[in-house]
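Comments concern the structure below.
The values are calculated or read from the model by the stated rules, or taken from the named source; none is laboratory data. The structure displayed is predicted, hence computed values, not measured ones. Every residue, glycine among them, receives a Cβ derived from its backbone with ideal geometry; neighbour counts consider all protein chains shown. We work out accessible area using only protein heavy atoms, side chains counted, and drop any ligands, DNA or RNA first. Shrake-Rupley method; radii C 1.70, N 1.55, O 1.52, S 1.80 Å.
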Amino acid sequence: MPRRQLERSKLTERGIERRAAIDRSAIDEESRKVSILISTETPLRRTDWWSGEKYDEVLLHGEENVDLTRAATAKLRYMHGSGKYGELPIGRLENVRLENRELRADAIFSEANPDAEMLWRMVLEGTLTEISVGGKKQEVRITERDGDVPLVEVTRWEFQEASLVDIGADPAAGIGRNLENSEGETMDKIEELKRQLAALRKDGADSETIQRKLDDIARAMEEFGMTMEQIKKENEDLKRRGEIEKLAAAHPGLIGEDELNRFLNDETKTSDDLARHLLDLKSSQDRDPGFQRGVQVGDEKKSGQIMRAAADALVMRSGVKLENAHPDHGMFMSANLSDIMRAVTGYMGYDREEMIKRAMSTSDFPVLLGGVANRVLSAAYTEAEGTFDMWTAATELPDFKTRTEASRTRLAGRLRKLTEYGETKKKESKEEGESWRLYSYGDEVTLSREMIINDDLGAFTDLVRDFAAMAKRTANGLVYDLLQKKGDFSGYKMSDGKPIFDTSHNNVDTTGAAPSIDTLSAGRTKMRRQKDAAGTALNINPSYIIAAPENETLIKQLLTSETAMGQSNAGVANPFRGSLIPIVDAELDAAPWYLAANRRTIKVGYLAGTNRQPIVAEKERTLRHVTYECVFDFGLFAEDFRGLYKNAGA
């Protein structure tokens, strides 16, 4: 199964948590002061709970990385403010500083807080030995690593507090720390942490505090020997129960305690199930005597017709031409989103909020809009500007695995002459060549409750259109980055260890000149003289000339003039008239120009089943919005240098 991509937005939402040690050699009992090492650049193996993938996280400690604005008023806490002794600070921090790419400070324990006295004595006796940093991530850099988990570097973060803790992230951290607990003690710890989590949620704690508590639970489970799959399942169930409790609390009086426990204890029930149940309960209480559903239960045929008619109307209203639109699409051409929700859900009441809740809590309306978004996206992607697909080859790949394409080791040379009883000689194509894979590129678009109320479908489809254009520009830009050895391809080398254009490949003129009959002839000659692995001439004829807009006029003159340009004799025919297809793209640098054959140059790839286009899929649905994930799966590589030629230009 391909590794799911880490999301920067999710990684920055997650709070900072690092564990380091108290320097027991620098304890001043008289002033109740101790020197502490708050955090370092030591990598920490973490798990992304949204994708289930592991990654190594490094908290960078340069002056450009750490925001110490709040250091002057930073506090010392216990367990980041959670638990019995965490309500008030237990001390303050002084002299917060960066030394040798480590964050250090002096912690002074409070004399006014009675809890601080007890914790101070536990530090003196060596019971509490570890410090955790609290902060907020602002910017991260993700690096994919072959044969290892991704590296996530936190390049900008805000320091907020330091906290005395009793559970270390690293068993080796701290002084004389022993994390081996008996089975009963560990399970008690897990249950206590769960109770603390429930209390935090009940008190409306912020997401960072809740996430830290979830991390504590995950570490306790790892100590107990639970597998990552079990930990992930438990974590997801904790989140599920929290969402159900939060939703029930927002609608007091609608559901009893026994019924709520039924939803909590059934692992198959989600907050969406509870939302639908609450809507049904509210509807039964408020229903107007004249209420009736427009589409009765079991009337799937009629419901499907309405969905198709509404979808065609919305697609056409978004500027996409349809030849065979549903016959009833006209009834929705002037309808607003509220009218369409009413038709899809069958709700005939007059409470707009109720209608929006019904639409958001069932799948029909989000699926309808997702289908519209995909059709608009497809049309917009086709219409978007881009030239790469005019001259590159394309294929579809079944997955995201790295694969090797036989390139330099294909069958080569000439066939051997056979005698009457001669035997054929076996030729093989070795499993060597150019390696490549698909990558996912994407973004999110959201249809909010406000957009529905304002009937702002145009804003939603505009976002989809923008993504389509971005996807086309991304593919186009990547192809020309590969051609020019720029961006992600600045270090690109083929299987022979050389870049695409190299003197050893005999496909580049570094002392360049502008396109002319002479320079085109020289480039064509180099391509025709290319040989395969057996030394046989390939006689490759260029089909395309690829250049920047600065050379567009000159190239079109060269390819359309009946006579040779620059000749005093008007009777000399132009040998290149109509012989090449011009490809002009602004992604290219001004001076260089290229020749490409109609064979084995650059190949692009798409994920099979996506119709070689970006796709839209529902990612998250709540009663206030629907979020769709727009994803474009794309990859590319240079098949063979022989079909390409570069002139540095002038």
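The table for this structure:
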{"item": "Qualifying positions in the stretch 360-396 - open to solvent by less than 20 Å² (accessible area, probe 1.4 Å) and farther than 30 Å from residue 547 by Cα", "result": "360, 361, 365, 366, 368, 369, 370, 372, 373, 376"}
{"item": "Residue within the stretch 590-598 that is within 23 Å of residue 549 (Cα to Cα), at pLDDT 95 or above and either touching a Leu at 6+ places or on another chain (Cβ under 6 Å) or of a type in the set (Asp, Glu) (or both) present", "result": "yes"}
{"item": "Residue within the stretch 478-488 that is part of a loop (DSSP other than H, G, I, E, B) and modelled with pLDDT of 90 or more present", "result": "yes"}
{"item": "Candidates 581, 500, 540 - the one that is in contact (Cβ under 8 Å) with a residue 60 or more places away in the chain, under 30 Å from residue 400 (Cβ atoms) and not basic (Lys, Arg)", "result": "500"}
{"item": "Whichever residue in the stretch 613-636 is under 19 Å from the mean Cα position of the chain (by Cα) and basic (Lys, Arg) and, among such residues, is modelled with the lowest pLDDT", "result": "621"}
{"item": "Long-range neighbours under 7 Å by Cβ, at least six apart or interchain, first residue more than 19 Å from residue 512 (Cα to Cα) and at pLDDT 90 or above within the stretch 551-568, second in a helix (DSSP H, G or I) and open to solvent by less than 90 Å² (accessible area, probe 1.4 Å)", "result": "none"}
{"item": "Condition broken by residue 229, with the remaining ones in (1) at pLDDT 75 or above; (2) surrounded by fewer than 16 Cβ atoms within 10 Å (Cβ to Cβ) satisfied", "result": "(1)"}
{"item": "Extreme residue, farthest from residue 645 (Cα to Cα), among residues of the stretch 526-550 that are modelled with pLDDT under 95 and among the β-branched types (Val, Ile, Thr)", "result": "536"}
{"item": "Considering residues of the stretch 530-563 that are in contact with a Leu (Cβ under 9 Å, 6 or more places away or on another chain) and among the β-branched types (Val, Ile, Thr) only, the residue surrounded by the fewest Cβ atoms within 10 Å (Cβ to Cβ)", "result": "555"}
{"item": "Checking residue 249 against (1) at pLDDT below 75; (2) hydrophobic (A, V, I, L, M, F, W, C); (3) open to solvent by 30 Å² or more (accessible area, probe 1.4 Å), the condition it does not meet", "result": "(1)"}
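Yes or no, residue by residue, for (1) modelled with pLDDT of 75 or more; (2) under 16 Å from residue 80 (Cα atoms):
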position	(1), (2)
202	no, no
208	no, yes
215	yes, yes
237	yes, no
